[in-house]
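The structure under discussion appears below in the form of structure tokens.
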Amino acid sequence: MQNRKVGPFNVEVWSNPDVGTGSFYIIIDPPKGSRLQVPADMRVQVTVQPVSKRLPAATYNTWREKLLDHVEFKTLVPFDKQEMWHVQIVFSSSTANGEAHTDVPVTPTLLGRWNLLLFLLPFLGIGGLWFKAASVKRTRRRRVRAARAGIAG
């Protein structure tokens, strides 16, 4: 969800909804050229529910991170199954309120713990080739030295 107008603010939601734990990053910016600022008492909640409604809606609080150029709220959400999930984001403060809705596909985490090994294989292969090349070069040097010593003696 990008550049969505929620109340007086521009909102972006970035997510990584994986089976297991998904993360949500909610960025709130005042309109360009406005003196308006994100209120210090702004609270953001994320509510998720499978589109199939097989589970009841669950609400999660966020924590605020004040960055140099914008205000960001973060939360972690558990997802139990790969499917479409409805996401509702509710903003509330003493001066502004609003909500936004979207659907996100929850994706599998590929191979889980095996991901690290899978993604390391090319680097391990290159490292193995480098050691093999170094070994061949060292063997050649030894042969050249032995041949020179035989000629000199």
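Values quoted throughout were computed directly from the atomic coordinates according to the rules given, and no laboratory measurement underlies them. Worth saying up front: this structure is predicted, and the values here are computed from it rather than measured. Neighbour counts are summed over all protein chains in view; Cβ atoms, including those assigned to glycine, are modelled from backbone coordinates with ideal geometry.
Here are the numbers for this structure:
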{"item": "R0 of 22 Å, Cβ-Cβ distance His101-Ala58: FRET efficiency to nearest 0.05", "result": "0.90"}
{"item": "Total lysine pairs whose alpha carbons fall under 28 Å of each other in the chain (8 or more apart, or interchain)", "result": "9"}
{"item": "Residue of Gln88, Gln37, Gln49 that the Gaussian network model of the chain assigns the largest fluctuation, springs spanning Cα pairs under 10 Å", "result": "Gln37"}
{"item": "Exposure proxy ranking, count of Cβ atoms within 10 Å, fewest first, for Met42, Met84", "result": "Met84, Met42"}
{"item": "Per-residue [θ]222 nm for the chain (sum of -39500 (n - 2.57) over DSSP H runs n ≥ 4, rounded to 500)", "result": "-9500 deg cm²/dmol"}
{"item": "GNM top mover of Thr109, Thr47, Thr95 - the chain, alpha-carbon springs below 10 Å", "result": "Thr95"}
{"item": "Helix axis angle, 114-152 relative to the chain longest principal axis, alpha carbon, degrees", "result": "20 degrees"}
